[in-house]
Amino acid sequence: MWRSIRLAAVLATTLIVAPLLAGCGGSTREEDTVNDDRAVLLGRPSIEQITERYEEMQERITTRLSEELGPWEWVNDQNMTRSGCAEFPHVGGESRSLDRRHFLGSLPDAQWPQAVAIVTEISGEYDFGEPEVIVDRVGDHEIVGHDPFGARYTFGTAANTLLSVSTGCHLPQGAGAG
């Protein structure tokens, strides 16, 4: 009988102490999340690299649209903005809305399908997927494309024609060292 009681006491102690010991010395869930988020961002290009890449994409798209459907004089609004990253808090990531490009006036409805084909082809070379149609009615068209890093472009025409690009979350250059 004493043997059964002692066995029960050892078993009860083990069931209580083992989970406590397993938690000792480990990281917290918040630390794990920060480390996981940081690892995800370290696998991406830096914010400087991705900005340069998407600016190149914008330039290629606007140049080709003008060459094949224009000519148009695209204006760079010089309005880039920077912000932190809601989806990856506490790791020092940054997202950017790049300078918007536009020209005064709209694309004729008859040219919209060809314009979409050009934007889709070039943005696809930068890993953007097939665009989603947001608006498609006479005199008013808009598509949106996304890439695997959370970037988004918007291309549309109504009173004016515009192309805007926002990056996903990326670390600044040199942030991988710490």
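Tell me which residues, restricted to the range 34-70, are surrounded by fewer than 18 Cβ atoms within 10 Å (Cβ to Cβ) and touching a His at 6+ places or on another chain (Cβ under 9 Å).
34, 45, 48, 49
Please work out if residue 73 is surrounded by fewer than 16 Cβ atoms within 10 Å (Cβ to Cβ) and closer than 22 Å to residue 126 by Cα.
The answer is no for residue 73.
Among what's in the range 81-107 and is of a type in the set (A, V, I, L, M, F, W, C) and exposed (fewer than 14 other Cβ atoms within 10 Å of the Cβ), pick the residue that is farthest from residue 46 (Cα to Cα). Step through it out loud before you land on a result.
So in the range 81-107, the residues of a type in the set (A, V, I, L, M, F, W, C) come out as 85-86, 88, 91, 98, 103-104, 107.
Keeping just the survivors that are exposed (fewer than 14 other Cβ atoms within 10 Å of the Cβ) gives 86, 104.
On the way: 86: 17, 104: 33 Å.
Top of the filtered list is 104.
Quick grid of which residues meet (1) modelled with pLDDT under 95; (2) assigned by TED's automatic domain parsing to the domain that holds residue 171; (3) assigned to a loop (DSSP other than H, G, I, E, B):
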residue: 51; (1), (2), (3): no, yes, no
residue: 54; (1), (2), (3): no, yes, no
residue: 60; (1), (2), (3): no, yes, no
residue: 63; (1), (2), (3): no, yes, no
residue: 68; (1), (2), (3): no, yes, no
residue: 73; (1), (2), (3): yes, yes, yes
residue: 78; (1), (2), (3): yes, yes, yes
residue: 82; (1), (2), (3): yes, yes, no
residue: 89; (1), (2), (3): yes, yes, yes
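Can you name every residue in the range 137-178 that is among the polar types (S, T, N, Q), over 14 Å from the mean Cα position of the chain (by Cα) and crowded, with 17+ Cβ neighbours inside 10 Å?
157, 161, listed by residue number.
Looking at 130, 142, 121, can you tell me which residue is in the same structural domain as residue 79 (by TED's automatic domain parsing) and part of a loop (DSSP other than H, G, I, E, B)?
The conditions single out 130.
Which one of these does residue 110 not meet: (1) of a type in the set (A, V, I, L, M, F, W, C); (2) modelled with pLDDT of 95 or more; (3) surrounded by 13 or more Cβ atoms within 10 Å (Cβ to Cβ)?
Only one criterion is unmet by residue 110, namely (3).
Quickly run through the range 105-118 and pick out the residues that are in a loop (DSSP other than H, G, I, E, B) and either touching a residue at least 24 places away in the same chain (Cβ under 8 Å) or touching a strand residue (DSSP E or B) at 6+ places or on another chain (Cβ under 6 Å) (or both).
Selection gives 105, 106, 107.
The values are calculated or read from the model by the stated rules, or taken from the named source; none is laboratory data. Please read these numbers as outputs of a predicted model, since none were measured by experiment. Quick reminder, even Gly has a Cβ in these numbers, built from the backbone with ideal geometry, and neighbours come from all protein chains shown.
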